[in-house]
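Q: A single structure is presented below for examination.
The values are calculated or read from the model by the stated rules, or taken from the named source; none is laboratory data. Here the structure is a predicted model, which means the values were calculated and not measured. Please note: Cβ atoms are built from the backbone with ideal geometry, for glycine as well, and neighbour counts cover all protein chains shown. In case anyone asks, the SASA skips ligands and DNA or RNA and just uses the protein heavy atoms, side chains included. Shrake-Rupley method; radii C 1.70, N 1.55, O 1.52, S 1.80 Å.
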Amino acid sequence: MKIAEVSKLYGLSADTLRYYERIGLLPGVARNESGVRDYSEQDCARVEFVKCMRGAHVSIEALIEYMSLLEEGDATLEARKAILEEQRDLARARIEEMQAGLDRLNYKIENYEDAIRSAERKLQGED
């Protein structure tokens, strides 16, 4: 699959895909005789994984370390698991922080709704 197709399929720019390749997140993307990238199913699976992890705000550094360990094989299973567990804990903390913000927003909106209803009742009573 060509870079333009992968870009469209995963909603990532070609520049982003090239960057991911350059920093080691997508190692070994094959090229055809003309030097054009030809993404394999495995490459596409990695693109999907990296996109998902970035969507969860996993750091580039953690992903680089994870992918480097992945290339080393089964001897790194524990280390890879540890990285994912650490990132999961960080994601949970971000979710809790966001939930607290959402709860505060809902509380404030409810207060405004109460104030608006109260003001409307006053206006109706004054008419």
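Q: Pick out the one residue from ALA91, ALA75 that is part of a helix (DSSP H, G or I) and either open to solvent by 70 Å² or more (accessible area, probe 1.4 Å) or closer than 18 Å to SER7 by Cβ (or both).
A: Testing whether each residue is part of a helix (DSSP H, G or I) and either open to solvent by 70 Å² or more (accessible area, probe 1.4 Å) or closer than 18 Å to SER7 by Cβ (or both) leaves just ALA75.
Q: Run LYS8 past the list (1) modelled with pLDDT of 95 or more; (2) closer than 23 Å to ALA62 by Cβ and report the number of the one that doesn't hold.
A: (2)
Q: Let me ask you something else. Do we find a residue being in contact with a helix residue (DSSP H, G or I) (Cβ under 7 Å, 6 or more places away or on another chain) and under 26 Å from LEU90 (Cβ atoms) anywhere in segment 14-21?
A: yes
Q: Considering only segment 1-36, state which residues are outside any loop (DSSP other than H, G, I, E, B) and acidic (Asp, Glu).
A: Those that are outside any loop (DSSP other than H, G, I, E, B) and acidic (Asp, Glu): GLU5, ASP15, GLU21.
Q: Looking at the structure I just gave you, is GLU85 at pLDDT 95 or above and open to solvent by 80 Å² or more (accessible area, probe 1.4 Å)?
A: no
Q: Among the residues of segment 15-38, count how many are surrounded by 10 or more Cβ atoms within 10 Å (Cβ to Cβ) and over 21 Å from LEU69 (Cα atoms).
A: Result for segment 15-38: 5.
Q: Taking into account only those residues within segment 97-111 that are open to solvent by 90 Å² or more (accessible area, probe 1.4 Å) and closer than 18 Å to HIS57 by Cα, which is nearest to the chain's Cα centre (by Cα)?
A: It comes out as MET98.
Q: GLY35 is checked against (1) under 17 Å from the mean Cα position of the chain (by Cα); (2) at positive phi and fails just one. What number does that condition carry?
A: (1) is the only condition that GLY35 fails.
Q: Here is a check on your reading of the model: is LYS2 under 21 Å from the mean Cα position of the chain (by Cα) and not aliphatic (A, V, I, L, M)?
A: Criteria not met by LYS2.
Q: What number of residues within segment 39-69 are open to solvent by 60 Å² or more (accessible area, probe 1.4 Å) and part of a loop (DSSP other than H, G, I, E, B)?
A: 1
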